[in-house]
Amino acid sequence: MHTAVRTLPGIVLAWSSVADGDMRIDALPAHARNRERFARSLGILPDTLVGADLVHGDTVRAVGKHEGGTVIAGTDALMTDEEDVFLSVTVADCIPVFLVHPERRALALVHAGWRGLALDIPGAAVAALGKMYGADARGLYALVGPSICAKHYAVGEEVALRFASFPGAITAHEDGKHANLRLIARALLLRAGVPEGNIETVAACTYEEPERFFSLRRDGVRPPPVIMAVLGKRDVGA
């Protein structure tokens, strides 16, 4: 990510891999242990981690230390400006979108599949950061994290029509139309006012790298095993 973010004191921006295990938020103790182990590998305490119970919507929730160790129901994006609060979302082809405002020290982490993108959840998160923390879009840096690439993301006509207005987002293949979720996420961030030079996209495709990523489209397992994305900042003054 951009130097302005990488050099922000205490910043933690990461995602797990297949080797770290399934990070699903459910009642299975093994999954809870995987999340705890991954958190500790990042040097953070599990009870400072805030999770999201994803619904493929456009709700953005502000959280703080008092939500540490909990899962926020009915939301696909979390934001904070507090230290030692680590936001997390889980993905298995959908996009984790990391948003950082170095000046305001405000952060947001977004889960974006095609439904969330259709509702413009990236734009909703940008707007929420501005309203809650005064974090203007021009000062934001965004990372569009690992996700399924267009080559492997065939969609039906309904989904294709939803994104037809985005140049290059829908392409024709032998098996039908495919959607480029990364391109759509980037376009929505630009529309929300994030400068083009402040947006980076991870090239890795979750479908093509089974040794690193779980993929619902590739594996066809429901509910799918997932990786976990994490964003937060440590209290470096502690």
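The values are calculated or read from the model by the stated rules, or taken from the named source; none is laboratory data. Predicted, not measured: the structure shown is a model, and the values here were computed from it. Neighbour counts run over all protein chains shown; Cβ positions are idealised from the backbone, glycine included.
Scan region 182-238 for residues that are small (Gly, Ala, Ser) and not in a loop (DSSP other than H, G, I, E, B) and jot them down. Before the answer, list the steps.
The first filter runs over region 182-238 and keeps only residues small (Gly, Ala, Ser), leaving 185, 187, 192-193, 197, 203-204, 215, 220, 229, 232, 237-238.
Of everything in region 182-238, those that are small (Gly, Ala, Ser) and not in a loop (DSSP other than H, G, I, E, B) turn out to be Ala185, Ala187, Gly197, Ala229, Gly232.
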Checklist line | Tabulated pairs, region 136-148, first over 13 Å from Val5 (Cβ atoms), second part of a loop (DSSP other than H, G, I, E, B) and among the acidic types (Asp, Glu), C-beta under 8 angstrom, 6+ apart or interchain | finding: Ser147/Asp93; Ile148/Asp93
Check: Is there any pair linking a residue in region 209-238 that is over 19 Å from Arg40 (Cα atoms) to one that is at pLDDT 90 or above and of a type in the set (Lys, Arg), with Cβ under 7 Å and at least six apart or on different chains, and which?
Finding: Pro210/Arg218; Pro223/Arg24; Pro225/Arg24
Margin query: Go through (1) farther than 30 Å from Phe86 by Cβ; (2) at pLDDT 95 or above; (3) out of contact with any Ser or Thr (no Cβ under 6 Å at 6 or more places or on another chain) for His178 and report which single condition fails.
Written below: (3)
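Are there any strands (runs of 3 or more DSSP E) wholly within region 62-104 with 2 or more residues that are among the β-branched types (Val, Ile, Thr) and in contact (Cβ under 8 Å) with a residue 60 or more places away in the chain, and if so which? Full working, then the answer.
On the way: elements: 71-73, 77-80, 86-91, 95-101.
Answer list for region 62-104: 86-91, 95-101.
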Check: Take the residues of region 25-36 that are modelled with pLDDT of 95 or more and surrounded by 16 or more Cβ atoms within 10 Å (Cβ to Cβ): which is farthest from Gly232 (Cα to Cα)?
Finding: His31
Item checked: Test result for Ser41, polar (S, T, N, Q) and free of Cβ contacts under 8 Å to residues at least 40 places away in the same chain -> yes
